[in-house]
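The values are calculated or read from the model by the stated rules, or taken from the named source; none is laboratory data. Only a predicted model underlies this, so the values are computations on that prediction, with no experimental measurement involved. All Cβ positions, glycine included, derive from the backbone under ideal geometry; neighbour counts span all protein chains shown. The area values use the complete protein model at the heavy-atom level, side chains included, leaving out ligands, DNA and RNA. Shrake-Rupley method; radii C 1.70, N 1.55, O 1.52, S 1.80 Å.
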Amino acid sequence: MTLPALQNTSVFFRRILSQFPQDISLAFAYGSGVFKQSGTTQGQMAKNMLDFVFAVDDPVTWHTMNLIENRKHYSFLKYLGPKQISTIQNEYGAGVYFNTSVPADEKLIKYGVISTDELIEDLLHWKTMYIAGRLHKPVRILLQSENGKLRAALGANLKSAITASFLMLPESFSEEELFLQIAGLSYSGDFRMVIGEDKSKVSNIVKDNLQHFRILYSNILQECPQVVYKPQQGRLEVDKSPEGQFTQLMSLPRTLQQQITRLVDLPGKNRDVEEILLQVAQDPDCGLVVQQGIYSIVKRSSISQSAKGIITAGLWKSVSYSTKKLWKMWKGWRRKTP
């Protein structure tokens, strides 16, 4: 999972991490402040907010310590105390608590806190796809504990991204087409792609980071029995037979299988999942059904997490953050307009 990106900034990231309680099972940085995106200069990249996610085993203890060390990072919710903050983190939205627009080492950062158990659940079953989707794309792993369940879940999440993408792609496709499909999974259904994000975001992420995607996925592709991977030509061929698609559907994360079942099963039928997936595997629109299932997962979590963000960030920071997103969307639109 660790990618050889921006090695010269490792001391900077260690300084950032040192400002937080150290009981972290996984810490990673992601986004346009870490990986260059197409259409962005190095100067613009340096000005972008840095995004982090911290997975912690005990959110109450972690927030207790962070409130002592970094009380100013929190909105008015700091007055509720660490137990209530942890309840808001775990029970609402996508299980993540974000503090945003935080000054750190002459940069502005945003960091999300998620429980390790909640992260593993999302990685394995795509409960919300909120953090699992971010980990479909290259990230910079800053710290990872020797947690075997977490390590296995990180690998399973990447395999699920490949499998879901296979179902939505034709029989033969390029590496870039695969990576575009993978990178777009967590944006399908995200209302922020309608208003608030650059419409070219997915292609901007992939275009300048093809090598990072290869590092992330090449071993899995080479070991996958359902695909012929030709790395020298940058081409892939996948099994699109009903039998092949049924095998892929059966290995999808549980929440996505449940969403597909709800979409396909007629009211009152109550057929089991295997029977429904067998039907979907023979449907010419199999890929579309999978896409609709992902859309429904992402739509629900993106709306609920964004609503929670207004409270956790505070009104002023939320307005400021949203304004910057709209400005980036407008600049992206201007680049595409002749």
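Among the numbered criteria (1) out of contact with any strand residue (DSSP E or B) (no Cβ under 8 Å at 6 or more places or on another chain); (2) free of Cβ contacts under 8 Å to residues at least 40 places away in the same chain; (3) not acidic (Asp, Glu), which single criterion is violated by Thr40?
For Thr40, the failing item is (2).
May I ask you to list the residues in region 280-314 that are more than 19 Å from Ser188 (Cβ to Cβ) and either touching a residue at least 40 places away in the same chain (Cβ under 8 Å) or surrounded by 15 or more Cβ atoms within 10 Å (Cβ to Cβ) (or both)?
Ala281, Gln282, Ala307, Lys308, Gly309, Ile310, Ile311, Thr312, Ala313, Gly314
Tell me which of these Lys83 doesn't satisfy, since it passes every other one: (1) out of contact with any Phe, Trp or Tyr (no Cβ under 7 Å at 6 or more places or on another chain); (2) touching a residue at least 60 places away in the same chain (Cβ under 8 Å).
(2)
Considering only residues of region 10-36 that are in a loop (DSSP other than H, G, I, E, B) and either touching a Leu at 6+ places or on another chain (Cβ under 7 Å) or more than 14 Å from Leu50 (Cβ to Cβ) (or both), which is modelled with the lowest pLDDT?
Here is the first cut: in region 10-36, the ones in a loop (DSSP other than H, G, I, E, B) are 18-25, 31-36.
Remaining after also requiring either touching a Leu at 6+ places or on another chain (Cβ under 7 Å) or more than 14 Å from Leu50 (Cβ to Cβ) (or both): 18, 21-25, 33-34.
Details: Ser18: 94, Pro21: 97, Gln22: 91, Asp23: 93, Ile24: 97, Ser25: 97, Gly33: 84, Val34: 87.
Filtering first and then ranking leaves Gly33.
Does region 190-198 contain at least one residue that is out of contact with any Asp or Glu (no Cβ under 8 Å at 6 or more places or on another chain), free of Cβ contacts under 8 Å to residues at least 24 places away in the same chain and of a type outside the set (Val, Ile, Thr)?
Of region 190-198, the ones out of contact with any Asp or Glu (no Cβ under 8 Å at 6 or more places or on another chain) are 191-196, 198.
Among the residues that remain, those that are also free of Cβ contacts under 8 Å to residues at least 24 places away in the same chain are: 193-194.
Filter once more, so that each one left must be of a type outside the set (Val, Ile, Thr): 193.
Yes - at least one qualifying residue is present in region 190-198.
Right, Ile120: over 26 Å from Ser218 (Cβ atoms) and either buried (at least 16 other Cβ atoms within 10 Å of the Cβ) or β-branched (Val, Ile, Thr) (or both) or not? Quick ask: steps written out before the conclusion?
On the way: over 26 Å from Ser218 (Cβ atoms): no; either buried (at least 16 other Cβ atoms within 10 Å of the Cβ) or β-branched (Val, Ile, Thr) (or both): yes.
Considered against the rule, which asks whether it is over 26 Å from Ser218 (Cβ atoms) and either buried (at least 16 other Cβ atoms within 10 Å of the Cβ) or β-branched (Val, Ile, Thr) (or both), Ile120 comes out as no.
Residue-by-condition table, conditions (1) at pLDDT 95 or above; (2) outside any helix (DSSP H, G or I); (3) in contact with a strand residue (DSSP E or B) (Cβ under 8 Å, 6 or more places away or on another chain):
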position: Gln257; (1), (2), (3): yes, no, no
position: Leu263; (1), (2), (3): no, no, no
position: Gly268; (1), (2), (3): no, yes, no
position: Arg271; (1), (2), (3): no, yes, no
position: Val280; (1), (2), (3): yes, no, no
position: Leu288; (1), (2), (3): yes, no, no
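Run Gln181 past the list (1) surrounded by 17 or more Cβ atoms within 10 Å (Cβ to Cβ); (2) modelled with pLDDT under 85 and report the number of the one that doesn't hold.
(2)
Hey, could you check region 132-150 for residues that are in contact (Cβ under 8 Å) with a residue 40 or more places away in the chain and part of a helix (DSSP H, G or I) and say which is farthest from Val228 (Cα to Cα)?
So, considering only residues that are in contact (Cβ under 8 Å) with a residue 40 or more places away in the chain and part of a helix (DSSP H, G or I), the one farthest from Val228 (Cα to Cα) is Leu150.
Give the number of residues within region 83-101 that are surrounded by fewer than 20 Cβ atoms within 10 Å (Cβ to Cβ) and in contact with a helix residue (DSSP H, G or I) (Cβ under 6 Å, 6 or more places away or on another chain). Spell out the reasoning first.
In the first step, residues of region 83-101 are kept if they are surrounded by fewer than 20 Cβ atoms within 10 Å (Cβ to Cβ); the result is 83-84, 87-88, 90-92, 101.
With in contact with a helix residue (DSSP H, G or I) (Cβ under 6 Å, 6 or more places away or on another chain) added as a condition, the list becomes 83, 92, 101.
Residues that pass the stated criteria total 3.
Could you identify the single residue in Ser165, Ser186 that is among the small types (Gly, Ala, Ser), open to solvent by less than 30 Å² (accessible area, probe 1.4 Å), at pLDDT below 95 and not in a loop (DSSP other than H, G, I, E, B)?
On the way: Ser165 fails: at pLDDT below 95.
Unique residue meeting the criteria: Ser186.
In region 239-279, how many are open to solvent by 10 Å² or more (accessible area, probe 1.4 Å) and either under 15 Å from Pro225 (Cβ atoms) or aromatic (Phe, Trp, Tyr) (or both)?
Qualifying residue count for the region: 9.
Need pairs with beta-carbon distance below 9 Å; first residue at negative phi and within region 11-37, second of a type in the set (Lys, Arg) and assigned to a loop (DSSP other than H, G, I, E, B); sequence gap 6+ or separate chains.
What qualifies is Tyr30/Lys137; Phe35/Lys137.
Among (1) of a type in the set (A, V, I, L, M); (2) surrounded by fewer than 16 Cβ atoms within 10 Å (Cβ to Cβ); (3) within 19 Å of Arg140 (Cα to Cα), there is one condition Ala29 misses while meeting the rest; what is its number?
It is condition (2) that Ala29 fails.
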